[in-house]
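I have placed the structure first, in the form of structure tokens, so that the comments after it can refer back to it.
The values are calculated or read from the model by the stated rules, or taken from the named source; none is laboratory data. On a predicted model such as this, the values are computed, not experimentally measured, just so you know. A quick note on method: Cβ atoms are made from the backbone with ideal geometry, for glycine too, and the neighbour counts reach across all protein chains shown.
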Amino acid sequence: MQRILVQSSPFDQDDECQRQSDNHQVGAVVSFVGQVRGTDIASLTLEHYPGMTEQALRRIAQQADERWRLQGVTIIHRVGELTRGEPIVLVLTAAAHRQQAFAACAYIMDILKTQAPFWKKERKLDGSTHWVEAREEDAEAAAQWLSDG
């Protein structure tokens, strides 16, 4: 089961985990929640292209499924203005065995960071804003997966 959502509203991690756990072939569900962080950050605004973003997330989930034969994938990514500490993204991977679920979850996050079309603008506590640049370590993490595959 693949569940891909881009939304402004909060998500319920427990409900989403239960949804993936309902399959009796699932031996492990691994989850990752990313949240707004930074001591000098007031908020983070995420923008995207509707349709294009969901398509990219579906492709990433499909690649993970083909590589690890998953029983399910959930990717929920929030957009709009989020304040420090709020959850941004939820990735759940369900598999027969924990190794598959852990690897697939890490893969999805690493690839999502470099291939999903989101744009982020930080608003600092002092009121200043700036667009967040791509990070070299994210590109390196994604490259490692792609060279392994």
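Before moving on, here are some points about what is shown:
- Some residue of the range 60-70 being part of a loop (DSSP other than H, G, I, E, B), in contact with a helix residue (DSSP H, G or I) (Cβ under 8 Å, 6 or more places away or on another chain) and either at pLDDT 95 or above or more than 28 Å from VAL132 (Cα to Cα) (or both): yes
- Any hit, the range 8-21, residues being within 30 Å of SER128 (Cα to Cα) and among the hydrophobic types (A, V, I, L, M, F, W, C): yes
- Test set (1) over 16 Å from ASP40 (Cβ atoms); (2) in a loop (DSSP other than H, G, I, E, B); (3) out of contact with any helix residue (DSSP H, G or I) (no Cβ under 9 Å at 6 or more places or on another chain) - GLY127 fails condition number: (1)
- Candidate set from the range 91-105 (those that are among the small types (Gly, Ala, Ser) and over 22 Å from PRO10 (Cα atoms)); member that is nearest to the chain's Cα centre (by Cα): ALA104
- Filter pass, VAL79 being β-branched (Val, Ile, Thr) and under 23 Å from ARG135 (Cβ atoms): yes
- Members of the range 99-118 found to be among the hydrophobic types (A, V, I, L, M, F, W, C) and in a loop (DSSP other than H, G, I, E, B), listed by number: ALA116
- Candidate set from the range 109-134 (those that are basic (Lys, Arg) and farther than 21 Å from TYR49 by Cβ); member that is surrounded by the fewest Cβ atoms within 10 Å (Cβ to Cβ): LYS124
- Residue match in the range 46-56 (condition: touching a Phe, Trp or Tyr at 6+ places or on another chain (Cβ under 6 Å), closer than 20 Å to ALA134 by Cα, among the acidic types (Asp, Glu) and part of a strand (DSSP E or B)): yes
- Selection from the range 29-42 of residues that are in a strand (DSSP E or B) and buried (at least 18 other Cβ atoms within 10 Å of the Cβ): VAL29, VAL30
- Some residue of the range 68-90 being farther than 16 Å from PRO10 by Cα, touching a residue at least 24 places away in the same chain (Cβ under 8 Å), surrounded by fewer than 16 Cβ atoms within 10 Å (Cβ to Cβ) and of a type in the set (Gly, Ala, Ser): no
- Hits in the range 13-28 - residues which are in a loop (DSSP other than H, G, I, E, B) and of a type in the set (Gly, Ala, Ser): GLY27
- Residue in the range 136-144 that is surrounded by fewer than 16 Cβ atoms within 10 Å (Cβ to Cβ), in contact with a Lys or Arg (Cβ under 6 Å, 6 or more places away or on another chain) and free of Cβ contacts under 8 Å to residues at least 40 places away in the same chain present: yes
- Close pairs (7 angstrom Cβ cut-off, 6 or more residues apart or separate chains): of a type in the set (D, E, K, R) in the range 99-115, part of a helix (DSSP H, G or I) anywhere: ASP110/ALA141; ASP110/ALA142; ASP110/TRP145; LYS113/ASP138; LYS113/ALA142
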